[in-house]
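Notes to accompany the following structure.
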Amino acid sequence: MSPRITVVGAGSGYLPGVIRGLLHRASDLAGAELVFHDVSDEHLQVMTLLARNMFAAAGADFTVRAETSLKTAVDGADFVFTTFRPGGLPARHLDESIPLKHGIVGQETIGPGGFLMACRSVPVLLEIARAAPADAWIINYTNPTNIVTDAVLRHSDAKIIGLCDQWVGDTEVWAGLLGLPVDGLEIDWIGTNHGTWAERVRLNGEEVDLAPRLADLAPAGEATPHREPVRMAELGKALGLLVNSYAKYYYFHDDVVRELRDKGRTRAEEIMAMLPGFYAQVAAEAGKADPDPSRERGGGEHGEFAVDVICAIQRDERRRLILNTRNQGSIASLESDAVVETPCIVGRHGPTPLVMGEIPRAVRGLTHAIHEYERLAADAATTGDTRLALQALLAHPFVTNKRTAEKILEEGLAAHSAYLPQFG
Ligand code: G6P
Ligand code: MN
């Protein structure tokens, strides 16, 4: 049976990449029915037209339908692919600037900024979880993906997998730093989303001895908005393991605060400046017989990764993928129902986490702290309990002062009140 795949947030700038991801697996998903939903009718229509014309040009056997009602959109779905940002980029700008005003890194997915985003995302995901068919898989990119996944798993009966493609690009950075080819390289990333580490690496199945390579590491490489190879190398050398690109926020916190302040412009503002041009180009391409839209948002791996997860379940591929799901013994010292990011075998019954062992001691305490924060954040975002919300912020490693936490919470909840019905 061909699947019905509903995309919630189909007007997103990431959609061209998702469409290409679908095209990449067109024969494996032949006959699939795509249902696109978005709160912006304009973006929904343009992406629907784009998808239809790209599929037609490639001869892909997919149908695409735009649906403005969420309830109707998820009806009968086998997969509900969620990829949206409640409040859009203006809300992200607040997430990035409110903590910074108080001397804390302002980031969309981690720290107090990520907490505020969780408070907006979780209620919407819970609504989708309740509206979706009981046997549908929610394939979630909406951030913070791990907190959203945890809230849905513990506060609804739905099935959900949290996605993040960060490890794909991080693997490429580490291949460069270690002087290893990317092809055939398998890294055992484990931890929590945007807080993963690795001390085991295989090349074509053969274990690589990391110690001498880390000791000789020459920090080098061009920085991008989300990856600083020089800092990643410096941390890798000090900690004796491979770090995720987000590790800089924990280990260079005060430097990053200074840099963000000096920059004077949030990442959200940068993207807002770029998006009108992006959508204009998509709109200009969408009606063409063979559209070729820009791939500025997300890069190739973003869409392909999500479609690979769907294919792995649909076709019972038993494929190894790194996902956010319940721990179930994958990481020794984290509780069984903790949501972790870890390698899984993915087939018809969803992800089965592989037994990975223990988090390296150098980063174990930090990982545990992040996990405890995330769990409190999932509960606070679900219930709208302000005391729990304060506890979550106080548990976060970035927060070292109760007064600061209270101020960020008060300002953040007020600024986002239109998206926070649970805190009403
Ligand atoms: C990476 C992260 C995502 C994050 C994105 C932001 O892909 O894994 O979780 O949302 O970067 O990228 P942007 O271009 O919006 O700053
Ligand atoms: Mn991510």
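Do we find that PRO225 is open to solvent by 70 Å² or more (accessible area, probe 1.4 Å) and in contact (Cβ under 8 Å) with a residue 40 or more places away in the chain in this structure? Considered against the rule, which asks whether it is open to solvent by 70 Å² or more (accessible area, probe 1.4 Å) and in contact (Cβ under 8 Å) with a residue 40 or more places away in the chain, PRO225 comes out as yes. Is one or more of the residues making up the stretch 70-81 away from ligand 1 (no atom under 12 Å from the Cβ) and closer than 19 Å to LEU413 by Cβ? Within the stretch 70-81 (the criterion being away from ligand 1 (no atom under 12 Å from the Cβ) and closer than 19 Å to LEU413 by Cβ), the answer is no, since none of the residues qualifies. Assess whether THR342 counts as being on the phi < 0 side of the Ramachandran plot, open to solvent by less than 50 Å² (accessible area, probe 1.4 Å) and touching a helix residue (DSSP H, G or I) at 6+ places or on another chain (Cβ under 6 Å). No, not satisfied. Take VAL35 and tell me if it is open to solvent by 20 Å² or more (accessible area, probe 1.4 Å), touching a residue at least 40 places away in the same chain (Cβ under 8 Å), within 26 Å of ALA283 (Cα to Cα) and over 16 Å from the mean Cα position of the chain (by Cα). Judged against the criteria, VAL35 is not a match. Picking from residues in the stretch 148-187 that are among the β-branched types (Val, Ile, Thr) and within 12 Å of ligand 1 (Cβ to nearest atom), the one that is surrounded by the most Cβ atoms within 10 Å (Cβ to Cβ) is VAL148. Within the stretch 270-300, the residues that satisfy the criterion of being open to solvent by 60 Å² or more (accessible area, probe 1.4 Å) and within 16 Å of ligand 1 (Cβ to nearest atom) are MET272, ALA273, PRO276, ARG295, GLU296.
For every residue, the table says whether it meets (1) closer than 25 Å to PRO90 by Cβ; (2) crowded, with 16+ Cβ neighbours inside 10 Å; (3) of a type in the set (Lys, Arg); (4) in contact with a Ser or Thr (Cβ under 8 Å, 6 or more places away or on another chain).
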position: GLY350; (1), (2), (3), (4): no, yes, no, yes
position: VAL355; (1), (2), (3), (4): no, no, no, yes
position: ILE359; (1), (2), (3), (4): no, yes, no, yes
position: GLY365; (1), (2), (3), (4): no, no, no, no
position: TYR373; (1), (2), (3), (4): no, yes, no, no
position: ALA389; (1), (2), (3), (4): yes, yes, no, no
position: PRO397; (1), (2), (3), (4): no, yes, no, no
position: ASN401; (1), (2), (3), (4): no, no, no, no
position: LEU409; (1), (2), (3), (4): yes, yes, no, yes
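Quickly run through the stretch 149-188 and pick out the residues that are free of Cβ contacts under 8 Å to residues at least 12 places away in the same chain and away from ligand 2 (no atom under 16 Å from the Cβ). Within the stretch 149-188, ALA175, VAL182, ASP183 meet the criteria.
On the stretch given as the stretch 53-76, residues that are assigned to a loop (DSSP other than H, G, I, E, B) and either of a type in the set (A, V, I, L, M, F, W, C) or open to solvent by less than 70 Å² (accessible area, probe 1.4 Å) (or both) total 6. Pairing residues of the stretch 252-281 that are over 20 Å from ILE98 (Cβ atoms) with residues that are away from ligand 1 (no atom under 13 Å from the Cβ) and open to solvent by less than 70 Å² (accessible area, probe 1.4 Å), at Cβ distances under 8 Å and at least 6 apart in sequence or on separate chains, gives PHE252/ARG231; PHE278/SER294; TYR279/HIS43; TYR279/VAL46; GLN281/PRO293; GLN281/SER294.
Note on the stretch 93-124: residues that are open to solvent by 10 Å² or more (accessible area, probe 1.4 Å) and basic (Lys, Arg) amount to 1. For the stretch 333-369, the set of residues classified as touching a Gly at 6+ places or on another chain (Cβ under 9 Å) and among the charged types (D, E, K, R) consists of GLU341 only. Just one of the numbered conditions (1) in contact with a Lys or Arg (Cβ under 7 Å, 6 or more places away or on another chain); (2) part of a strand (DSSP E or B) is not true of ILE5: (1). Taking each residue of the stretch 60-77 that is of a type in the set (D, E, K, R) and looking for partners that are surrounded by 15 or more Cβ atoms within 10 Å (Cβ to Cβ) with beta-carbon atoms closer than 6 Å, six or more apart or interchain, yields ARG65/VAL35; GLU67/VAL35; GLU67/HIS37; GLU67/ALA73; LYS71/ALA131.
Looking at ARG261, ARG267, which one is within 16 Å of ligand 1 (Cβ to nearest atom), in contact with a helix residue (DSSP H, G or I) (Cβ under 8 Å, 6 or more places away or on another chain), open to solvent by 10 Å² or more (accessible area, probe 1.4 Å) and farther than 30 Å from ARG326 by Cα?
Checking each option against the conditions leaves just ARG267.
The values are calculated or read from the model by the stated rules, or taken from the named source; none is laboratory data. Since the model is a prediction, treat every value here as computed from it, not as a measurement. A quick note on method: Cβ atoms are made from the backbone with ideal geometry, for glycine too, and the neighbour counts reach across all protein chains shown. The protein model used for the area step is the full one, side chains on, heavy atoms only, and it has no ligands, DNA or RNA in it. Shrake-Rupley method; radii C 1.70, N 1.55, O 1.52, S 1.80 Å.
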